Amino acid sequence: MTTKLPPAERAALARAAVDRLGPEVDGVILGWVDNAGVQRVKAVPVDRLAHAAEWGVGAAPCFDAFLVDDAMAPGTGPVGDLRLVPDVSALTALAAQPGWAFAPADRYGQDGVPHPGCQRLFAGRMAAEAARRGLEVRAGIEVEWMLLDGAGAGPAYGMRRLIGLSDYLRELLRALRAQGMAVLQIHPEYAVGQFELSLAPGGPVEAADTALLVRHTVQAVSVRHGLDASFAPAVTAGGVGNGGHLHLSLWRAGHNLGAGGPGRYGLTAEGEAFLAGVLAELPALLALGAPSVASYLRLVPGRWSGPYRCWGRENREAALRLIPGSAPEQANAEVKCFDAAANPYLAIGGVLAAGFAGIDRGLRLPPEVCGDPVDSGYAERLPAELPVATAAFKGSDVLREALGAELHSAVLAVRTAEAERFAGRDPDEVIAATRLRW
Ligand code: GLU
Ligand code: MG
C-alpha cells in the first residue's frame, strides 16, 4: 500500500509506474467499492496520475450512503469532499480494456487523515493487526458468474459448455495472465451459463484487489464477446446463485495453523479458536459478506451456498467448510455463505476481526456437522433475510470495535435502507433491480 507514504513519495512512485506502463496506456481508473458492494470509479489521463497520487482526486462523502440502485440512505447531504488516493503498487494495465489501467484507491480527508469510512483502509488495519500478532494471512476469493440470455448453455461442468465458449474463456485466461494474475482453475459451474475462476491466495488487501480485478476482466472480456456477465448472488428466482467464497489460512513462523496440530483434522488450538470466532460472529458477518436483499435469495438449503451456521470437513452446505488438503500447506477454511455483492475489503476485514476475537477468548469449535446439515437435526440456519443479519451486525461489539463507529454505522444505515427499499418486492423484482450492479 503506497497511500500512507508522504505525498511527494507517492508522486515519484506514480511517475515510475507510468513509465513502466508505457505509451499504450492513456487513462487510469481509480476505483473504490462502496458499502453496497458496488465498484465506483473516477478516471484521470495517464499524465495526471502523479498529480492524483500526490493530492488525491475529489469524491463526495455521500458515496458512503449509496445503495445498490444509486439511491442514498438518509442522513447524507451534498456538502464535503474526500480524496481518492490511488495505490500505485497495485496499478495494473487492463488487458481487455486496451489503453486503460486500474488502481484501487484509498480514501483520505482533505487534511490527509485516513477517512474512517474507508473500507480498504479498514482491511489494511486488519492486515496490520494480523502482522502485529505475528500471523500471516493467505486469502483468496473464488469468482463465480453467469452469462445472461442463454449464453453458455449445456450440462453442468460439461465439456459442451467449454467448447461452445472456448475463444471467450481463452481470451479471459490470456488477459489475466497478461495482468500478472495466477489463475489456479477455471470451469463451467452448475447453472446455465455459469463459470468459476480461482486464483492464487495473497494477503487480505491483495486478495480483495484480486477478486475485483478478476471481475472487471471477466466483464470486459464478456463485453468484447457480446456477452453480459452477472456476479449477482441471485440471477434466476429459485435457481442456484453465484457465491463469493472466501478461502483463508493463517500462518505463524511458516507453519499453517490449520495443519500439524492436536485438534480435529490437524487444527492447532489457535487455528481452531480463530475459526470458532468466525462461527460465533457469522450472523453479524453476513451483513458484510451477504449484504444484499438478493443475497438471501441465494442463501437457502440445497444450493451449496453454506446456509447453516456450522462447520464440517469438505461440507458444502456448512457455512464454514474445512479443507484439510492433501499437504499441510494446502489446509484452509472456506467461508461459503459469502457472495460477490460483498465489499470484499469489509468481508475479509470482518472475518479477521471475528477470528482474532476468537483467539483472544480461546474459543473452541462446536461439534462438527458431518453430512447434510438439513439431516443433522441440530444445525442452525443462518439469518434467512437481510434485516436479521443487520440486527446481528448492529449488536456485534466485535465488529463495531474493529470497523470503528463511523464505518459500522455507515454500513448499518445502508443495510437498513436497502432492506426497507426492497421490502415486499418479489424475487423477480429484486433480481431485475440488482443482477447487473456488481
Ligand atoms: N454456486 C454456489 C454458491 O452459490 C457454489 C457452488 C460450489 O462451488 O460449491 O455458493
Ligand atoms: Mg463454485
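No lab work stands behind these numbers, since they all come straight from the coordinates. Just so we're clear, the structure is a prediction, and the values are computed from it rather than from any experiment. Cβ: placed from backbone, ideal geometry, glycine included. Neighbour counts: every protein chain shown.
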| message | Can you go through G99, G112 and tell me which one is of a type outside the set (F, W, Y), surrounded by fewer than 19 Cβ atoms within 10 Å (Cβ to Cβ) and closer than 18 Å to R48 by Cβ? | response | G99
| task | Just name the residue that is farthest from ligand 1 (Cβ to nearest atom) out of those in the range 279-322 that are aromatic (F, W, Y) and over 21 Å from F231 (Cβ atoms). | result | W311
| request: Answer yes if at least one residue in the range 298-310 is in a helix (DSSP H, G or I) and crowded, with 21+ Cβ neighbours inside 10 Å, and no otherwise. | output: yes
| field | Some residue of the range 181-192 being more than 15 Å from ligand 1 (Cβ to nearest atom), within 16 Å of F102 (Cβ to Cβ) and in contact (Cβ under 8 Å) with a residue 12 or more places away in the chain | value | yes
| message | Let me confirm something: among G243, G226, which residue is surrounded by fewer than 24 Cβ atoms within 10 Å (Cβ to Cβ) and of a type in the set (G, A, S)? | response | G226
| query | Do you know which residues across the range 391-405 are buried (at least 23 other Cβ atoms within 10 Å of the Cβ) and either in contact with a Leu (Cβ under 7 Å, 6 or more places away or on another chain) or among the basic types (K, R) (or both)? | reply | F393
| field | Entirely in the range 324-438, the helices (runs of 4 or more DSSP H) that have 2 or more residues that are within 21 Å of D34 (Cα to Cα) | value | 344-360, 386-394, 397-403, 405-422, 427-434
| query | A208 is checked against (1) away from ligand 2 (no atom under 15 Å from the Cβ); (2) touching a Lys or Arg at 6+ places or on another chain (Cβ under 7 Å); (3) of a type in the set (A, V, I, L, M, F, W, C) and fails just one. What number does that condition carry? | reply | (2)
| Test: D339 is of a type in the set (D, E, K, R) and within 16 Å of ligand 2 (Cβ to nearest atom) | yes
| field | Close pairs from the range 423-438: first in contact (Cβ under 8 Å) with a residue 24 or more places away in the chain, partner outside any loop (DSSP other than H, G, I, E, B) and among the hydroxyl-bearing types (S, T, Y), Cβ under 7 Å, at least 6 apart | value | R435/S230; L436/S230
